1. With no solvent and one point on each alpha carbon, what is the Debye value of log10 I(q)/I(0) for the range 1-135 at q = 0.08, 0.17 Å⁻¹?
2. When DSSP assigns beta bridges and you keep just the ones with both residues in the chain, what percent turn out antiparallel, to the nearest 5?
3. Build a GNM of the chain with springs between Cα atoms under 10 Å: which of 167, 19, 127 gets the top mean-square fluctuation?
4. Under the rule of -39500 (n - 2.57) per DSSP H run of 4 or more residues, summed and divided by the residues of the chain, what mean residue ellipticity at 222 nm is obtained, to the nearest 500 deg cm²/dmol?
5. Using the Kirkwood radius over Cα pairs, work out the Stokes-Einstein diffusion coefficient for the range 7-78 at 4 °C and 1.567 mPa s, in µm²/s as a whole number.
6. For the range 56-130, what's the relative contact order in percent, using C-alpha pairs closer than 8 Å and at least 6 residues apart?
7. If you average 1/r over all unlike Cα pairs in the chain and invert the result, what Kirkwood radius do you get in angstrom?
8. Could you tell me the relative contact order of the chain? Use alpha-carbon pairs under 8 Å, at least six residues apart, and round to a whole percent.
Ligand SMILES: [Zn+2]
């Protein structure tokens, strides 16, 4: 059985953004080039996946938003009317392929055909809210994957850990009243999108299942790894997730143009190990990692190298 799968839907290349936009196709190319050049690619099993169908999107998004996104992308508009997300005619297939890859990754690790999966894809997803694409995101790839695990595979508890420098407001919104998913986020604050205060902890049946750890600019290892150890690990002892998912954003790495955190490649490795330990303890080692941000091509490549190398260790 292959230990770790790679999903890299080729449609990710075709999602075009204007010249000079930080969320660009070269990000995807840089990740794949790094995996190839480092030899890591040869140790991963590349799996093909298809486009997500509407039923999967409906796990997290409203019909009217799905129809709006489809309509606006097909119409040739250059950005979604709901937020700061540039689109091009091929963006619908790219967004559907991104969701399709994450759901197939969930299928694979839950059904036991592999232990872990890394999904290299774009557009990213963690800012996409139920009725509101924004922040370069169209559909919430990781949230749909997490809910797919619960709704269609019968898992009871999923952890979504988000170390992107930006708060995953879309993921938070989707699971705010849902006790089956713990959303844990470390992020810069104040910073885009302005949410993710410590006081936002979930509501109703989901009270306590949203854990926000906001930190000021220039935070790094001490804050982010400290939060994982002190805030996440104790909760995992009682929550005991059946699946660990990672919103792997590398804009929290030192030098990123869209973030002011100072995480190093070693820190990404340590964070990966720590989440793997949670998965080993409670979730039969099942980890599905999904690319979010990371806007320095060199930094993104180095961060992904460190993350994937640790997954494979
Ligand atoms: Zn980000």
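Since every read-out is calculated from the coordinates, none of them should be taken as a lab result. Only a predicted model underlies this, so the values are computations on that prediction, with no experimental measurement involved. Methodologically, a virtual Cβ is constructed for each residue, glycine included, from the backbone with ideal geometry; neighbour enumeration extends over all protein chains shown.
1. Relative scattering, expressed as log10 I(q)/I(0), comes to -0.22, -0.93.
2. Values: 3 of 35 bridges.
Around 10 percent of the beta bridges assigned by DSSP in the chain are antiparallel ones.
3. Between 167, 19, 127, it is 19 that shows the largest mean-square fluctuation.
4. Details: 10 runs with 116 residues, N = 313.
Mean residue ellipticity, 222 nm, calculated: -11500 deg cm²/dmol.
5. Working: Rh = 14.9 Å.
The diffusion coefficient I find is 87 µm²/s.
6. Working: 51 pairs, mean separation 20.0, N = 75.
Result for the range 56-130 is 27 percent.
7. 18.7
8. Values: 748 pairs, mean separation 59.8, N = 313.
Reported as a whole number, the value is 19 percent.
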